[in-house]
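Here the structure comes first, spelled out in structure tokens, and everything after it is commentary.
The values are calculated or read from the model by the stated rules, or taken from the named source; none is laboratory data. If you're wondering where the values come from, they're calculated on a predicted model, not measured in any experiment. For neighbour counting, all protein chains shown are included, and Cβ atoms are generated from backbone atoms with ideal geometry for every residue, glycine included.
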Amino acid sequence: MQQPIVDRQLEEDRAWFHKKQREFRETRRLYIALDFEQWELQHDCTTEMGMSWLDTTEPRSAWEVVTRHFLISEYVMTTLDTLLEY
């Protein structure tokens, strides 16, 4: 009897996941995520940039996600002035 399509797909997905999980454990990489915040009332006004990274080239016990956020100073006063006008 042939295995149902759903079960077969689940097994393929599970095999893919375990393969990627093994690759992750064996590979040392630097992962970086960037995040840009825009002001809701003026979408061409970027007010903040965030950055996070995880360095997996270090021993696993030293892994930590480092996060930094930077305010774009030229827009801070513009945003406050416009809000005060409302």
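General remarks:
- Among the residues of segment 14-48, the one identified as surrounded by fewer than 12 Cβ atoms within 10 Å (Cβ to Cβ), acidic (D, E), at pLDDT below 90 and in a strand (DSSP E or B) is D44.
- Residue in segment 49-60 that is outside any strand (DSSP E or B), surrounded by 13 or more Cβ atoms within 10 Å (Cβ to Cβ) and not hydrophobic (A, V, I, L, M, F, W, C) present: yes
- Per-region count, segment 21-56, residues farther than 20 Å from F70 by Cβ and of a type outside the set (F, W, Y): 10
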